[in-house]
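The values are calculated or read from the model by the stated rules, or taken from the named source; none is laboratory data. No experiment lies behind these values; they were computed from the predicted model shown. All Cβ positions, even for glycine, are placed from backbone atoms using ideal geometry, and neighbour counts span all protein chains on display. Surface accessibility is based on the protein's heavy atoms, side chains included, excluding ligands, DNA and RNA. Shrake-Rupley method; radii C 1.70, N 1.55, O 1.52, S 1.80 Å.
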Amino acid sequence: MIGTSLESFDFYVFAYFSAYFIGPLFFDPLGQFGGTLAAFATIGVAFVVRPLGAAIFGHMGDRLGRRATLLWTIGIMGVATGLIGLLPTYAQAGWLGAVLLVLLRVAQGLSLGGEWGGSILLATEHSSPVKRAFYAAVPQLGSPVGSILSAVVFIVMTLALPAEELAAWGWRIPFLLAIPLLAVSLYLRLTIDETPVFKAVVSEQRRDRVPFATMFRAQPKALVIAFGAALLGIGSYSLMNTYTINYGVTTLGFSFQDLLVATTIGGLLQLITIPLFGRWATRVGSAKVVAYGALGTLLITFPMYWLLQFASFPVLVGTMIVGGILPTMSWAALGGLMNDLFADHYRYSALSVAYAVAAAVSGFIPLVTTLLGESTGYVWWHPGVVLALLSAITLVSAWAANRVRHAPISEDGREVAPASV
């Protein structure tokens, strides 16, 4: 959980900056609208390459082990984030900074492609089958923790530095913080043992030569189900933490600091709700919890965005909290749902690929929502259309996952999914 939190911090640092600073710093000649689109597109680039990272690190995780692979993912993320803090802006070196920025975003995307699946497996494969859903929810805390840490850094910086100094040099500080955080994360992950499940796969000589290919051959339907189930949990973060911040400042008239405070309060609440939802999943099943979260989000989507038109700051905070809790229900139980779908000898590849493809689609949500807003004159319901679609897909996928026939758990605690899934 701590390692995932630090890696999420690295990624969200860029997400927050893209909503307000990256456009003017690196894409100034494109103007305000063009710079915003270019900044959101750099988020999308990192998500697009995530499936490639998932294939690479999924193979490593199923062949070399969960622990060794996670050391690589955190190392690449930390170095790439730190280097972003050293980039020249457009005013200093023209388009060179933008080109290097895109390359470093590619490195971040590759790293994240192998991070989530490994983190879930490191937790669940050390747990008993009875507690697996709860253990799968704990690494999900990494996303709100990373979001909170990055938001707090920006809140402090915007209060401590004038806007001119923040744009001139202060924006580099959060990225450079990745270097000491990398040292902490590497130390923590070096102390973790390899999982008993992977040790059993090795000792029983059940490792596939190409786990990626085995996964597609054995469980193609399960991959589609896992992809759909992940869309709301990932996509709602992209919509709330990136697009809504930009939309709230430029269209609704909120201050950047107010929106950061609102999202931080919502993230703090998730530190409580994610473990509770994980605990609930051990009783009713992960797929049902994902479905309840998707249904609830679908029901409150349009009322929530309608209310934002007239929101004072307290109403803004309340809206962000309500709009965050229900998608968080789907997010908290996602790891348990996916873990239950796939066989252990290619599980790292399966979790990573399904999640990364969903993340690649979700990475373009700020861009697509911006284009939809521009074409509709930023009518109040345009973000709701996107969130409702994500909710509906996840609801159907969770229903399908709940109907999947799982193989019985063997005496050593391993669960091997049936080939018919």
- Which one of T264, T124, L52 has its Cα pushed farthest toward the positive end of the charge dipole of the chain, where Lys and Arg give +1 and Asp and Glu give -1 at the Cβ? T124
- Of A183, A360, A107, which has the largest mean-square fluctuation in a 10 Å C-alpha GNM of the chain? A183
- With r as the distance between the Cβ atoms of Q309 and T191 and R0 = 45 Å, compute the FRET efficiency 1/(1 + (r/R0)^6) and round to 0.05. 0.35
- Whole-Hz Karplus ³J(HN,Hα) for region 274-287, in order, using 6.51 cos²θ - 1.76 cosθ + 1.60 and θ = phi - 60°, x for Gly and Pro? 4, x, 5, 5, x, 5, 4, 5, 5, 9, 10, x, 5, 4
- Give me the percent of the accessible area of the chain that comes from carbon and sulfur atoms, probe 1.4 Å, all protein chains in place. 70 percent
- Query: Of T89, F21, V289, which is farthest on the positive side of the dipole of the chain, counting Cα position, with +1 on Lys and Arg Cβ, -1 on Asp and Glu Cβ, and the Cα centre as origin?
  - Reply: V289
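According to the square roots a ≥ b ≥ c of the eigenvalues of the Cα gyration tensor, what is the shape class of region 213-318, taking rounded for a/c under 1.5, prolate for a/b larger than b/c otherwise, and oblate for the remainder?
Here region 213-318 falls in the prolate category.
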- Note on the structure: Among T369, N402, I245, the residue whose Cα sits farthest towards the positive end of the charge dipole of the chain, when +1 is placed on the Cβ of each Lys and Arg and -1 on the Cβ of each Asp and Glu, is N402
- Message: How far apart, in nanometres, would the label points at K131 and V379 be if each is projected 7 angstrom from Cα along the Cα-to-Cβ direction?
- Response: 5.2 nm
- Note on the structure: For region 178-258, listing trypsin sites (Lys or Arg not before Pro) in a DSSP loop whose Cβ sees at most 10 other Cβ atoms within 10 Å gives R209
- Note on the structure: Karplus-derived 3J(HN,Hα) from phi for region 127-141 (6.51 cos²θ - 1.76 cosθ + 1.60, θ = phi - 60°), whole Hz, x at Gly and Pro, runs 10, 7, x, 5, 9, 4, 5, 5, 4, 5, 6, 4, x, 5, 5
- Straight-line reach from K131: which lysines have a Cα under 22 Å away, not including same-chain ones fewer than 8 places off? K199, K288
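How big is the dipole moment of the chain about its Cα centre under a simple scheme where the beta carbon of each Lys and Arg is +1, that of each Asp and Glu is -1, and everything else is neutral? Debye, nearest 20, please. Please list the in-between numbers first.
Numbers: 22 positive and 19 negative charges, 215 e Å.
With Lys and Arg at +1 and Asp and Glu at -1, about 1040 debye.
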- Query: Tell me, what is the FRET efficiency for R209 and I179 to the nearest 0.05, using R0 = 35 angstrom and their Cβ-Cβ distance as r?
  - Reply: 0.40
- Message: Just want to confirm a number: the relative contact order over the chain, from Cα pairs under 8 angstrom separated by 6+ residues, in percent.
- Response: 26 percent
